[in-house]
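Undergrad: Before I ask anything, here is the structure I am working with.
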Amino acid sequence: MSDFGTMEDFEELLSAVHKRGMKLIMDLVINHTSDEHEWFIESKSSKDNEYRDFYIWKEGADKELPPNNWASIFGGSAWEHDSDTNEYYLHIFSKKQPDLNWENKKVRDRLYDMVNWWLDKGIDGFRIDAISHIKKKEGLPDLPNPKGEAFVESFDGHLNQKGIDQFLNEFVENTINKFDALTVGEANGVTVEDAEDWANEDTGYFNMIFQFEHVDLWGSKGTGLDLSRLKTTLSRWQNALDAKGWNALFIENHDLARVVSVWGNDTTYRKKSAKALATVYFFMQGTPFIYQGQEIGMTNVKYETIDDYRDVASRNYYQGEVAKGRAYEEVMTYIWSSGRDNSRTPMQWSDAAYAGFSDNEPWMKVNPNYREINVEESREDPDSIYHYYRSMIQLRKKEETLIYGTYTLLEAQHPQVFAYIREDQSKQFLIMVNLFAEETTFNLPDEWKLGEKLLSNYSEKEQSGTILKLQPYEARVYEVEKIE
């Protein structure tokens, strides 16, 4: 694994981070391993090997078909045949990522030892990958298949299953709870009704969780932002965890396309819309996360050929859809708009070769717009998205109300504006954002009086009164006064 550096490299990084008063959070993957991991190499070597039951192996149905009809999240069967032992192993993600058998206590104990080893080394916490998938449905049954497909979506077999609480309680009691460590669980499938179990301040498994209900809207509406559902979803999570738990706030990650291309406008209003979208989520109750490149407004990429893509999900999707007879342009249009490689292109540091990411050719092509969109340019431009993020961070740090205050949605039915109040006993703030490319007006409710404008992505003159005109993708943050 020397390609990824040495332990000495890591220790140097950890030391340098801590010297700067920063914290280092690691990604923790304990649902599966690589198929090149020594455990799996041993496991597949023989049915009698002591590591065989570290993974989930089954005989095929009728000896020739996979054990059940589950589809992998990345397409095709969730089972891969091993010719040497004539059995199948389960992989709900890639066949390169065989699932660990959490029903085996030896597996759990080995995982806990590994987690504690890293915490003893002095890291500050974990982002815990795919943790809601570790429990599989008892018996691994076939799932309903009304369309008679070869394989069916398998989430009902492995997502937030009954009994997962026993695994999670044991996990945190044997590891995280012994340390002063921050934990963020990637908790796909966890509903707002379950949220307190997962992220309660006193009894939750983790400090906070990444929930995906709001970003799932990306796939449900191909014509852009569904603002009404976005308001409903984010507000529901804000209210559910208020005074009980803590939200992990995000609008981009490594599994999503670039938000400015999906929900914003990555041409005429790239800067304005990127700032607007940032303003919406950044001042909610919770901890905001910024994904690399989001802070400079990096956009989706349009590679002309599937050969330029590295994401296994996109490549599997392409092969499957083309095999069904769909046109090349139709298939690629989906990948161009929604593929995961949109957010995985090399970070754009400068307008130098390979965007300043490396002196050598990277593993995938750089987005061609790196000459215009890069960190160096953003730092020099006082009106950049980068400097806007810095302003938002400074404002949050200055005003504790924007961190701990309650959340109240305003004008839920407004077709263009996402507006809400953050307040506590000492201060009140209005966050108001037009999320579309058309001008609009917003009627300030009678009980609120505008105070100082603290932040905006426009340099328009100050407005007074209760009817406020908003430019395309205009965002504003005001201190306000409640009129009794």
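Values quoted throughout were computed directly from the atomic coordinates according to the rules given, and no laboratory measurement underlies them. Worth saying up front: this structure is predicted, and the values here are computed from it rather than measured. All Cβ positions, even for glycine, are placed from backbone atoms using ideal geometry, and neighbour counts span all protein chains on display.
Undergrad: Tell me the relative contact order for the stretch 38-90 as a rounded percent, counting alpha carbon contacts under 8 Å between residues six or more apart. If you can, show how the numbers build up before the last one.
TA: Values: 75 pairs, mean separation 16.5, N = 53.
Once normalised by length, the contact order is 31 percent.
Undergrad: E103 versus M22, label points 7 Å from Cα toward the beta carbon: distance in nm?
TA: Placing both labels 7 Å beyond Cα along the Cβ direction yields 4.4 nm.
Undergrad: Given the pairs K231/K275; K231/K453; K105/K135; K47/K106; K96/K135; K398/K461, which are separated by over 21 angstrom at their Cα positions? It would help to have the intermediate numbers written out before the result.
TA: Numbers: K231/K275 18 Å; K231/K453 23 Å; K105/K135 13 Å; K47/K106 17 Å; K96/K135 19 Å; K398/K461 24 Å.
Those over the limit are K231/K453; K398/K461.
Undergrad: If you don't mind, there's one more thing I want to ask. Which residue, chosen from V312, M7, H414, occupies the Cα position most advanced towards the positive end of the dipole of the chain, where the dipole is computed from +1 (Lys, Arg) and -1 (Asp, Glu) charges on Cβ about the Cα centre?
TA: Result: H414, furthest along the dipole toward the positive end.
Undergrad: Then there's this: For the stretch 6-144, what is the convex hull (Cα atoms) projected area averaged across all directions, in square nanometres?
TA: Working: hull surface 40.1 nm².
Mean orientational projected area (the stretch 6-144, Cα hull): 10.0 nm².
Undergrad: Amide H to amide H under 5 Å from Q428: which residues, 5+ apart in sequence or cross-chain, H placed 1.01 Å off N in plane?
TA: For Q428, whose amide H was placed from the backbone, the distant partners under 5 Å are V480.
Undergrad: Ok, one more. By how many degrees, between 0 and 90 and to the nearest 10, does the Cα long axis of helix 270-282 differ from the longest principal axis of the chain?
TA: Around 80 degrees separate the two axes.
Undergrad: Excluding V260 itself, what net charge comes from residues whose Cβ is under 14 Å from its Cβ, given Lys and Arg +1 and Asp and Glu -1? All intermediate terms of the calculation are to be shown ahead of the outcome.
TA: Values: positive: R258, R270, K271, K272, K275; negative: E252, D266, E295, E372.
Neighbourhood net charge equals +1.
Undergrad: Next question. So what is the orientation-averaged projected area of the chain, using the convex hull of its C-alpha atoms, in nm²?
TA: On the way: hull surface 101.8 nm².
So the Cα hull casts an average projection of 25.4 nm².
Undergrad: Say the dipole of the chain comes from +1 at the beta carbon of Lys and Arg and -1 at that of Asp and Glu; which of L277, M432, S343 then lies farthest toward its positive end?
TA: M432
Undergrad: For the stretch 294-367, with only Lys/Arg (+1) and Asp/Glu (-1) charged at the beta-carbon, what is the dipole magnitude about the Cα centre, in debye rounded to 20?
TA: 300
Undergrad: Can you tell me the mean projection area, over all orientations, of the convex hull of the stretch 1-87's alpha carbons? Units nm², please.
TA: Value for the stretch 1-87: 8.3 nm².
Undergrad: Can you quote the Å³ per residue value for the convex hull of the Cα atoms in the stretch 149-307, rounded to an integer? Present the calculation step by step, with values, prior to reporting the outcome.
TA: Details: hull volume 27.8 nm³, N = 159.
Spread over its residues, the Cα hull of the stretch 149-307 gives 175 Å³ apiece.
Undergrad: Are there trypsin sites (Lys or Arg not before Pro) in the stretch 94-172 that DSSP marks as loop and that have at most 16 other Cβ atoms within 10 Å, and which are they? Don't skip to the answer; put the middle values down first.
TA: Values: sites: K95, K96, K105, K106, R108, R110, K121, R127, K135, K136, K137, K147, K162; in loops: K95, K96, K135, K136, K137, K147, K162.
Those satisfying the criteria are K96, K147, K162.
Undergrad: Near K95, within a Cβ-to-Cβ distance under 13 Å, what is the net charge of the other residues, with Lys and Arg +1 and Asp and Glu -1? Each step should come with its number before you reach the end.
TA: Working: positive: K44, K96, R315; negative: D35, E36, E80, D82, D99.
Surrounding charge for K95 is -2.
Undergrad: Moving on to the next point. For a label point 7 angstrom out from the Cα of T287 toward its Cβ, which stretches of the stretch 119-142 have the backbone nitrogen within less than 15 Å?
TA: Output list for this probe position: 123-129.
Undergrad: Can you tell me the length gained on complete extension of the stretch W117 to E59, counting 0.36 nm per residue apart and subtracting the Cα distance?
TA: Details: separation 58, 0.36 × 58 = 20.88 nm, distance 3.56 nm.
My answer for the length gained is 17.3 nm.
Undergrad: With a point put 7 Å past each Cα toward its Cβ, work out how far E173 is from R390 in nm, to one decimal.
TA: Label-label distance for E173 and R390, simple model: 4.9 nm.
Undergrad: Given Cβ point charges of +1 (Lys, Arg) and -1 (Asp, Glu) and nothing else, what value in debye, to the nearest 20, does the dipole of the stretch 237-310 about its Cα centre take? Spell out each step's value before the answer.
TA: Numbers: 8 positive and 8 negative charges, 66 e Å.
Using only the charged Cβ atoms, the result is roughly 320 debye.
Undergrad: Here's something else I'd like to know. Which loop GluC sites (Glu not before Pro) in the stretch 30-81, with loop taken from DSSP, have no more than 16 other Cβ atoms within 10 angstrom of their Cβ?
TA: E36, E50, E59, E64
Undergrad: Here's something else I'd like to know. Helix 7-19: angle to the longest alpha-carbon principal axis of the chain, degrees 0 to 90, nearest 10?
TA: Relative to the chain, helix 7-19 is tipped by roughly 20 degrees.
Undergrad: Within 11 Å, Cβ to Cβ, of E460, how many net charges do the neighbouring residues add up to if Lys/Arg are +1 and Asp/Glu are -1? Walk me through the numbers on the way to the answer.
TA: On the way: positive: K453, K461, K469, R476; negative: E462, E474.
So the environment of E460 carries a net charge of +2.
Undergrad: Compute the Cα gyration tensor for the stretch 406-482, then decide on rounded, prolate or oblate, letting a ≥ b ≥ c be the square roots of its eigenvalues: rounded whenever a/c is under 1.5, prolate when a/b is larger than b/c in the other cases, and oblate in all that remain. Spell out each step's value before the answer.
TA: Details: a/c = 1.71, a/b = 1.36, b/c = 1.26.
Verdict is prolate for the stretch 406-482.
Undergrad: Take every DSSP beta bridge whose two residues both sit in the chain, then give the antiparallel share in percent to the nearest 5.
TA: On the way: 38 of 53 bridges.
Here the share of antiparallel DSSP bridges comes out near 70 percent.
Undergrad: If each of Q463 and W349 carries a label point 7 Å out from its Cα toward its Cβ, how far apart are those two points in nm?
TA: About 4.2 nm separates the two model spin labels.
Undergrad: Which angle between 0 and 90 degrees, to the nearest 10, do you get for helix 385-398 versus the longest principal axis of the chain when only C-alpha atoms count?
TA: So the helix axis and the longest Cα principal axis differ by about 80 degrees.
Undergrad: So, with +1 on the Cβ of K and R and -1 on the Cβ of D and E, and no other charges, what is the size of the charge dipole of the chain about its Cα centre, to the nearest 20 debye? It would help to have the intermediate numbers written out before the result.
TA: Details: 54 positive and 84 negative charges, 213 e Å.
Using Cβ point charges on Lys, Arg, Asp and Glu, the chain gives about 1020 debye.
Undergrad: Taking the alpha-carbon distance from K19 and a cut-off under 17 Å, which aspartates and glutamates remain once sequence neighbours fewer than 8 residues away in the same chain are dropped?
TA: E8, D9, E11, D124
Undergrad: Taking the Cα centre of the chain as the origin and placing charges on Cβ (Lys, Arg +1; Asp, Glu -1), which of V375, A150, S464 is farthest toward the positive end of the dipole?
TA: It is S464.
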